[in-house]
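Notes to accompany the following structure.
The values are calculated or read from the model by the stated rules, or taken from the named source; none is laboratory data. All values reported here derive from a predicted model rather than from experimental measurement. Methodologically, a virtual Cβ is constructed for each residue, glycine included, from the backbone with ideal geometry; neighbour enumeration extends over all protein chains shown. Side chains are part of the model used for accessible areas, which takes the heavy atoms of the whole protein and leaves out ligands, DNA and RNA. Shrake-Rupley method; radii C 1.70, N 1.55, O 1.52, S 1.80 Å.
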Amino acid sequence: MGEQASGGASDPDKSNKSLSGVRSTRNPTVRKSGASRSATQDTNEAGPASVRTTSAGKKAAVNETPEKPVAAKKAVTKKATATKATAKTAPAKKAATKKATAKKAAAKKTAAKKTAAKKAAPAKKAPARKAESRAAMVRRAHEINDGLAELYPYAHPELDFSNPFELLVATVLSAQTTDLRVNQTTPRLFAVCPTPEDMAAMPPEELEELIRPTGFFRAKSKALLGLSAALRDRFGGEVPGRLEDLVTLPGVGRKTANVVLGNAFGVPGITVDTHFGRLARRFGWTTEQDAEKVEADVAAIFPESEWTMLSHRVVFHGRRVCHSRKPACGACAIAPLCPSYGEGETDPEKARKLLKYELGGQPGQRLKPPPDYPGQPAPPLAPPAAAS
């Protein structure tokens, strides 16, 4: 036992070696353990982050369902398709727009040209008349008068009257209105004031109310009161039978005087109203616009015995056939004699639709026409509507 103890104690190098061997044998393990510990620690320290990342990835993977990528792909595909389609259709749209713009521009140019042509074009003129001698014109004028006499054997003044005073008043009222409206108005008027004395005594307001339907009733009332007072004071309440006297009455001119003289006194006269003047120019009897000059030209063509009836026939024809705006040339009985044929409607069927009064199957202008009148009497004035 002592040897063993002393031997062990006496060899320190062996002991050291064995100890160092032991240490050296253990140290690698310890290092390994330390490294593994540090790796483990690193793993443990990194572990939560990795776990978090993994968890977040898993959550994201869970949240991102498969439909969303597919829908996004579809949207992208649709957008790409739409872009392609737009790219394809864009030129076509541009071309269509250009065409539409070109058409509009062409239409505007055409309209502008038409407007310019209308403005530049001269007003519609009557057909060129053949040059004729004075004798030929007079002969043709008499043929026209004969033709109108055959067409209107019943021609008459289209104002209702029973004495010169009524005719004078009716003629004054006929200015700027129709004979029909005058004929519808005068029955009430003459029932209240049948004589110049009665009319001169009428209060202006009452007279205005009685003649209101004829229009311009204030001016006409003033003229009627003036001429009634003049007839009462200067002519003993009677209408004079001379042109010189008639034209001195308020509201009475040459045309009115000729109407009264020709139809109430049998004194020949030519009545130049708008219808007569228009037809006299169309027939080539005159080129004048002034009524007195027209009267003088026509009076030089026809004898006095024809003046009054010629006036009625021409006025009848102007009101029924030879209208101002659209003459019924195709339905005119004297068309072969008229140098202005063609100014109006030449188609017979269309022209017949333009005829007025008895020729068009409509009532005339008189409430009391003469017995030989072939048409229907005009209706009386409708009573005013009752106040509700």
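With the full set of protein chains in place, find how many percent of the accessible area of the range 219-334 is carbon and sulfur; take the probe as 1.4 Å. The C+S portion of the solvent-accessible surface of the range 219-334 is 49 percent.
For the range 250-325, the solvent-accessible area works out to 39 Å² per residue, with a probe of 1.4 Å and every protein chain left in place. Here the spin labels are modelled as points 7 Å beyond Cα on the Cα-Cβ line, and at HIS142 and LEU381 they lie 4.6 nm apart. Pairs exceeding 20 Å between alpha-carbon atoms, taken from LYS220/LYS255; LYS109/LYS326; LYS326/LYS350: LYS109/LYS326. Neighbours of ALA191, meaning other residues whose beta-carbon lies under 15 angstrom from its beta-carbon, give a summed charge of -3 when Lys and Arg score +1 and Asp and Glu score -1.
Computed extension length for HIS156-ALA105: 12.4 nm, one decimal, from 0.36 nm per residue of separation with the Cα-Cα distance subtracted.
Sorted by accessible area with a 1.4 angstrom probe, largest first, how do HIS323, HIS317, HIS275, HIS142 fall?
Result, largest first: HIS142, HIS275, HIS323, HIS317.
Most tightly packed first, judged by the mean number of other beta-carbon atoms within 10 Å of their residues, the peptides 278-286, 346-354 read 278-286, 346-354.
Give me the extension gain from LYS98 to VAL192: residue separation times 0.36 nm, minus the current Cα-Cα distance, reported in nm with one decimal.
Here the answer is 26.1 nm.
Sketch the reach of a paramagnetic label on LYS368 as a point 7 Å from Cα along Cα-to-Cβ, and name the residues of the range 146-162 whose backbone nitrogen lies under 20 Å away. Inside the label zone: 154-162. Taking other residues whose beta carbon is less than 14 angstrom from the beta carbon of GLN289, and scoring Lys, Arg as +1 and Asp, Glu as -1, yields -2.
The distance linking the range 308-375 with the range 223-254 is 34 Å (Cα centroid to Cα centroid, whole angstrom). When the surface is traced with a 1.4 Å probe over the full set of protein chains, VAL138 keeps roughly 40 Å² accessible.
Peptides 171-179, 368-376: what's the order by average Cβ count within 10 Å, highest mean first? List each step's numbers first, then the result.
Details: 171-179: 19.7, 368-376: 12.6.
Averaged packing, sorted descending, gives the order 171-179, 368-376.
Taking TYR154, TYR341 and ordering them by how much accessible surface each has at a 1.4 Å probe, largest first, produces TYR341, TYR154.
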